[in-house]
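> Would you mind keeping the following structure in view while I ask a few things?
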Amino acid sequence: MKQLYYEVRKCLGCRSCEIACALAHSLSGELYKALGEEKLSMPREKVLACGGKNYPVSCRHCEGALCVDACMAGALVFDKQKGQVMHDAERCVGCWMCVMVCPYGAIRPNILDKMPLRCDKCTDKDEPACVAACPTQAVIEQEKVKAKT
Amino acid sequence: MGNIEQRSIDKATQEVLKKAQAENINTVWDRFDQQQPQCGFGQLGLCCTVCNMGPCRIDPFGEGAQTGACGANADTITARNLARKVAVGASAHSDHGRDIAHTLSLISDGAKHTHKGGHAHSYEILDLEKLKALAAEFGIDSAKNKDEMAKELSKKLLEEFGRQQGELIFTKRAPKKRQEIWKKLGITPRGIDREVVELLHTTTMGVDNDYKNLIQSGMRCALSDGWGGSMIATDVQDIVLGSPQPIRGKVNLGVLKENYVNIVVHGHEPVLSEMAVKAAQDPELIKLAKKMGAQGINLAGICCTANEVLMRHGIPVAGNFLQQELAIITGAVEVMMVDVQCIMPALQEVAACFHTKLVTTSPKARFPGVTHIEFSPENAYESTKQIVKLAVENFSARNKERVNIPAQEMDLVAGFTKEAVFQILGGKYRATYGPLNEAIISGRLRGLAGVVGCNNPRQTHDYFHTTLVKELIRHDVLVLQTGCSAIACAKQGLLIPEAAKLYAGLGLQEICEAVGIPPVLHLGSCVDNSRILTAASQVINEGGLGEDISDLPAAGCAPEWMSEKAITIGFYFVASGVYTVFGASPFATMGSKNVTDYLTKGLESVTGGSFEFCDDPIKTAKLMIAHIDKKRQDLKLKPAMYEAGKA
């Protein structure tokens, strides 16, 4: 099961991943056109700065995720086979509980759309858009590893 | 763009790129690939590095910051960034103009003080008629002797750079109505250097925040280039180096010769390349070349300096902007001598893969660790001869096993100027614009198009230029070209008279056959875009096609642009009333809807010209033809005489 990791020391905060993410989820997929689309596509990933370092933040797809527990509509489900938290837009009521409980702050509310903005790992592509976009290879996609504690 | 066919349509380029790949030599295409993906903030123009509170960025998705630390919004930031590029582009062309005006002053200076010739004794006045005509424009008594006239003219030309008030003299060449529009907008350029400096001033932190005002200041600065610096460069080069006449030449990497000492001139200022032409004919050096085992010395050019020596001497053109490294990769170039502009820093590394010596000549453009033989108008021949000698001596270092010169070369006709075109069209005894105007009025010619500009690895090399130009001439649009665009079309055989039969519509074919010109006319280098402005003004003066350049059934395009100079050229064309399309990718203003809309929609009611951005050559041709047809309607002209020719 592949997971996204970030080499924090390499992140220069250029936010190319944010732009690539928004484009990957737009209708046209092209920069100049995407900005003119009626439903503006938003990045699922955000680069936040803290303590002199830059942290690209996106959904960790946790096993036993708090957002899944908190979702009263049952729109968020952990798919064991895919190793990924899936979101069912049909079921979602836009209550923002997932936004509230995420310990990473990785889910953002899209006010216009009334849908949470979450990383879907670009499963329809060969490689997640943020990985392809990162000029310093700070975004890494690799098999899940247990964190040393 | 890993695939070689996607990189270029030009067979010679493809062949050398294969060699580069096999030998693991990086070229501009590889480096461009390594840059992918390019920063979206930069592409949208939303990154501001003007002051040290930044760099600041505007979030194009509207969530994050919508102003920089100073409060500048997307409109101000994109317009300011664009204006700075206009200033840089203008500075490049105009500084070139200054240098040649300075050369003229040295010629006249020396003639007065010494017998042997002067401080620029390698040059002389070669076009006396043009000197007289220019002197008259500047109010100098043309009864004076040649040197006095040249001295006074050069003084007045140099004063145009430092002028503080009033109007540049060359703006008087524009149609009256155009001059009025500029006056009303307050964008008549006052002094060449002043406009560049003032524009840069307005873009610094905390000065101009009105995007419309910034773009207008940009237009005034660009006009000081098009109707100032570039026009001085073109006209004084004609005086000092001779006005071009139609001339045959050859183009593409195949012009490099296996058994000769090959010297490539690359850059922009022909005072250097002109001397290279002389030095390459020096009997002493030819003798030395033969002694070294070569059959002789072969000179070829890249980029605009190639266009200059092509126009005046028929010196072959090795290629355009994206082929500069490839010339070296043929393994057959002894010396590449460069002056200023469009010289890739990468040349040094590519040259190091071969015996090729890169030689810089301008104090303005140096590379660390590269042979520098400084050129000045005072030591012109001596220093150039030294460089040619270096090339001849370097012939023995050539590794013959690594020489692969592609076979491709193509004939072309170049050397059309605003004077020469019309002698041809009108005949020697009625050298007027009359026949051209009549052809447009009758609809035999649909209109005119200027297709100019660079190459850019973002576009398949030469594809946009040639596809667009073929489509235009198929619709009976006479195409005027300069710079790397002209070289692109020349390589595909569009600059020979026979091209009319193959590609042009019936009306354009009739004209080309009657007077023996190609359907695509090569007007010279990028500073020679000023020739297009003066030609357009003379078409208006001839009568029957409106009162202003914006009335003409004409359009412009820079299909594969990359340089800041292209932006400036676009600005002076639009400020002169021309509908101008940019290919490759739009200006970095797409992050501001206001600025982009103003450029593409708002400006038409201001200057009569406007920008358009389109990355497809056929669609671009359609846009330009639709504009030309609209202008024909506005002038109440008959529709074009013939339907488009076969595709």
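The values are calculated or read from the model by the stated rules, or taken from the named source; none is laboratory data. Here the structure is a predicted model, which is why all the values come from computation and not from measurement. Methodologically, a virtual Cβ is constructed for each residue, glycine included, from the backbone with ideal geometry; neighbour enumeration extends over all protein chains shown. To get the accessible areas, we keep the full protein, side chains included, count just its heavy atoms, and leave off ligands, DNA and RNA. Shrake-Rupley method; radii C 1.70, N 1.55, O 1.52, S 1.80 Å.
> Starting from the 7 Å offset along Cα-to-Cβ, what nm value, one decimal, do you get for the label separation of residue A:28 and residue B:172?
Taking the two extended label points, one gets 4.8 nm.
> Counting only Cα, what are the radius of gyration and maximum Cα-Cα distance Dmax of chain A, in Å?
15.2, 46
> Other chains near B:580-591: what is the mean number of their Cβ atoms within 10 Å of each residue's Cβ? Intermediate results must be reported in sequence, preceding the final value.
Numbers: counts 0, 0, 0, 0, 0, 2, 1, 0, 0, 0, 5, 3.
Partner Cβ neighbours, averaged per residue: 1.
> Using the basic label-point model (7 angstrom from Cα toward the beta carbon), what is the residue B:287 to residue B:501 distance in nanometres?
It is 4.8 nm.
> What FRET efficiency, computed as 1/(1 + (r/R0)^6) with R0 = 35 Å and r the Cβ-Cβ distance, is obtained for residue B:386 and residue B:128, rounded to the nearest 0.05? Walk me through the numbers before you get to the answer.
On the way: r = 31 Å, r/R0 = 0.89.
Efficiency, rounded to the nearest 0.05: 0.65.
> Could I ask something else about it? What percent antiparallel are the DSSP beta bridges of the protein assembly as shown, to the nearest 5?
Values: 25 of 66 bridges.
DSSP beta bridges in the protein assembly as shown are roughly 40 percent antiparallel.
> If you don't mind, there's one more thing I want to ask. From the Cα trace of region B:254-372, what convex hull volume per residue do you get, rounded to a whole Å³?
Working: hull volume 11.7 nm³, N = 119.
Output value, Cα hull per residue: 98 Å³.
> Given R₀ = 56 Å, what would the calculated FRET efficiency be for residue B:67 paired with residue B:21, taking r from the Cβ atoms and rounding to 0.05?
0.75
> Once you treat every alpha carbon in region B:538-586 as an equal point and sum by Debye, what is log10 I(q)/I(0) at q = 0.16, 0.18, 0.20, 0.32 Å⁻¹?
Log10 of I(q)/I(0), two decimals: -0.49, -0.59, -0.67, -1.17.
> List, largest first, the extents of the alpha carbons of region B:417-487 along their principal axes, each in whole Å.
Taking max minus min along each principal axis of the Cα atoms, region B:417-487 gives 46, 23, 11 Å.
> Treat each spin label as a single point 7 Å out from the Cα along the C-beta direction, and report the residue A:115 to residue B:597 distance in nm.
Simple spin-label model gives 2.7 nm for this pair.
> Over all alpha-carbon pairs in region B:128-286, figure out the percentage whose distance exceeds 27 Å. Spell out each step's value before the answer.
Details: 5565 of 12561 pairs.
Tail fraction, whole percent: 44.
> Going out from 0 in 10 Å bins, what whole percent of all Cα-Cα distances in chain B drops into each bin?
Histogramming chain B at 10 Å steps yields 3, 16, 27, 27, 19, 7, 1, 0 percent.
> Here's a follow-up. Beyond 16 Å, what share of the Cα-Cα pairs of region B:566-633 remains, rounded to the nearest whole percent?
On the way: 1081 of 2278 pairs.
That tail contains 47 percent of the Cα-Cα pairs.
> Same structure again: If the elastic network links every pair of Cα atoms under 10 Å, which of A:138, A:24, A:89 fluctuates the most in the Gaussian network model of chain A?
With Cα springs under 10 Å in chain A, the top fluctuation among A:138, A:24, A:89 is at A:89.
> Another question about this same structure. Given contacts defined as C-alpha pairs under 8 Å and at least six residues apart, what's the relative contact order of chain B, whole-number percent? Could the numbers behind the result be given before it?
Details: 1437 pairs, mean separation 104.3, N = 647.
With pairs under 8 Å counted, the relative contact order is 16 percent.
> Hey, what's the Kirkwood Rh for region B:125-172 if you take every pair of different alpha carbons, in angstrom? Could you put the intermediate results ahead of the total?
Values: mean 1/r = 0.0897 Å⁻¹.
Evaluated over region B:125-172, this radius sits at 11.1 Å.
> What is the interface area between chains B and A, defined as buried accessible area summed over both chains with a 1.4 Å probe, reported in Å² to the nearest 100?
Values: alone 23850 and 9510 Å², together 31910 Å².
When B and A are taken together, about 1400 Å² of accessible area is lost.
> Please name which of B:285, B:264, B:301 has its Cα lying farthest along the dipole of region B:244-303 towards the positive end, using unit charges on Cβ (Lys, Arg +1; Asp, Glu -1) and the Cα centre as origin.
Going by the charge dipole, the pick is B:285.
> For residue B:542, what accessible area in Å² do you get when you roll a 1.4 Å probe over the heavy atoms of the protein chains, rounding to the nearest 10?
Here the accessible area works out near 80 Å².
> Could you tell me the center-to-center distance, by alpha carbons, between region B:314-333 and region A:34-65 in angstrom?
47
> Please report the relative contact order for region B:165-271, taking Cα pairs under 8 Å with a sequence separation of at least 6, and give it as a percent rounded to a whole number.
About 25 percent, as a whole number.
> Continuing with this model, one more query. Given the peptides B:151-157, A:32-38, arrange them by the average over their residues of other C-beta atoms within 10 Å, most packed first.
Top of the packing list down: B:151-157, A:32-38.
> Relative to the Cα centre, what is the charge dipole magnitude of the protein assembly as shown, using +1 at the beta carbon of each Lys and Arg, -1 at the beta carbon of each Asp and Glu, and rounding to the nearest 20 debye? Kindly include the intermediate steps, with their values, before the conclusion.
Details: 90 positive and 90 negative charges, 95 e Å.
Magnitude of the dipole: close to 460 debye.
> Counting only other chains, and only Cβ atoms inside 10 Å, what mean value do you get across the residues of B:40-51?
On the way: counts 12, 5, 2, 3, 4, 0, 0, 1, 0, 0, 0, 0.
Mean inter-chain Cβ contacts per residue within 10 Å come to 2.
> Right, something else. Below 8 Å, C-alpha to C-alpha, sequence gap of six or more: please give me the relative contact order for region A:9-56 in percent.
Numbers: 55 pairs, mean separation 20.6, N = 48.
Once divided by the residue count of region A:9-56, the mean separation gives 43 percent.
> Please report, in cubic angstrom per residue, the volume enclosed by the convex hull of the alpha-carbon atoms of region B:373-505.
Output value, Cα hull per residue: 191 Å³.
> To continue, here is another question. Can you put B:458, B:632, A:9, A:91 in order of accessible area, largest first, using a 1.4 Å probe? Walk me through the numbers on the way to the answer.
On the way: B:458 80, B:632 5, A:9 190, A:91 130 Å².
Ranked list, largest accessible area first: A:9, A:91, B:458, B:632.
> Taking every pair of alpha-carbon atoms in region B:325-424, give the share separated by more than 17 Å as a whole percent.
Values: 3014 of 4950 pairs.
Pairs farther apart than 17 Å: 61 percent.
> Sticking with this structure for a sec: Check chain A for me: any Cys whose beta-carbon has no other cysteine beta-carbon within less than 4.7 Å?
A:11, A:14, A:21, A:50, A:62, A:71, A:92, A:95, A:102, A:122, A:134
> Step by step: find N for region A:72-149, compute 2.2 N^0.38 Å, then divide the Cα radius of gyration by it. What's the final number? Provide the component values of the computation, followed by the final result.
Details: Rg = 14.5 Å, N = 78, 2.2 N^0.38 = 11.5 Å.
Computed over Cα atoms of region A:72-149, the ratio equals 1.26.
> Then there's this: Among DSSP bridges having both ends in chain B, what percentage is antiparallel? Round to the nearest 5. Please report the intermediate quantities before stating the final value.
Details: 8 of 49 bridges.
In chain B, approximately 15 percent of DSSP beta bridges are antiparallel ones.
> In whole percent, and with a 1.4 Å probe on the protein chains, what portion of the accessible area of the protein assembly as shown is carbon and sulfur?
Values: 16700 of 31910 Å².
Here carbon and sulfur together make up 52 percent of the probe-accessible area.
> Another question, then. At a 10 angstrom cut-off on C-beta neighbours, averaged per residue, how do the peptides B:239-245, B:506-512, B:298-304 rank from highest to lowest? Please list the in-between numbers first.
On the way: B:239-245: 22.4, B:506-512: 20.7, B:298-304: 28.0.
Descending mean neighbour count gives B:298-304, B:239-245, B:506-512.
> How many partner chain Cβ atoms sit within 10 Å of a residue's Cβ in peptide A:28-35, on average, as a whole number? Numbers along the way, then the final one.
Details: counts 0, 0, 0, 9, 9, 1, 3, 9.
Partner-chain Cβ atoms within 10 Å, mean over residues of A:28-35: 4.
> Shifting gears a bit: Using 0.36 nm per residue, how much length does the chain from residue B:212 to residue B:622 gain when fully extended, once their Cα-Cα distance is taken away? Each step should come with its number before you reach the end.
Working: separation 410, 0.36 × 410 = 147.60 nm, distance 2.86 nm.
So the chain would gain 144.7 nm between residue B:212 and residue B:622.
> Based on a Kirkwood Rh over C-alpha pairs, give the Stokes-Einstein translational diffusion coefficient of region B:428-546 at 20 °C and viscosity 1.002 mPa s in µm²/s. Walk me through the numbers on the way to the answer.
Numbers: Rh = 14.6 Å.
For the chosen part, D equals 147 µm²/s.
> Would you mind putting B:582-591, A:58-67, B:213-222 in packing order, based on average other-beta-carbon counts within 10 Å, highest first? Please report the intermediate quantities before stating the final value.
Numbers: B:582-591: 22.8, A:58-67: 18.2, B:213-222: 25.4.
Order by mean packing, descending: B:213-222, B:582-591, A:58-67.
> Per the Kirkwood definition applied to all pairs of different Cα atoms, how many angstroms is the hydrodynamic radius of the protein assembly as shown?
Details: mean 1/r = 0.0351 Å⁻¹.
By the Kirkwood definition, the hydrodynamic radius is 28.5 Å.
> Let me ask something additional. Treating each Cα of region B:497-647 as an identical point scatterer and ignoring solvent, apply the Debye formula and state log10 I(q)/I(0) at q = 0.10, 0.12, 0.15, 0.16 Å⁻¹.
Summing over Cα pairs of region B:497-647 leads to -0.39, -0.57, -0.90, -1.03.
> With the cut-off at 1.5 for a/c, could you classify region A:1-80 from its C-alpha gyration tensor as rounded, prolate or oblate? It would help to have the intermediate numbers written out before the result.
On the way: a/c = 2.22, a/b = 1.14, b/c = 1.94.
Verdict is oblate for region A:1-80.
> Using heavy-atom solvent-accessible surface (probe 1.4 Å) with all chains present, what is the largest-first order of B:227, B:561?
On the way: B:227 0, B:561 30 Å².
Most to least solvent-accessible, the answer reads B:561, B:227.
> Also: In Å², what does the accessible area per residue of region B:355-491 work out to with a 1.4 Å probe?
Numbers: 4810 Å² over 137 residues.
Solvent-accessible surface per residue comes out at 35 Å².
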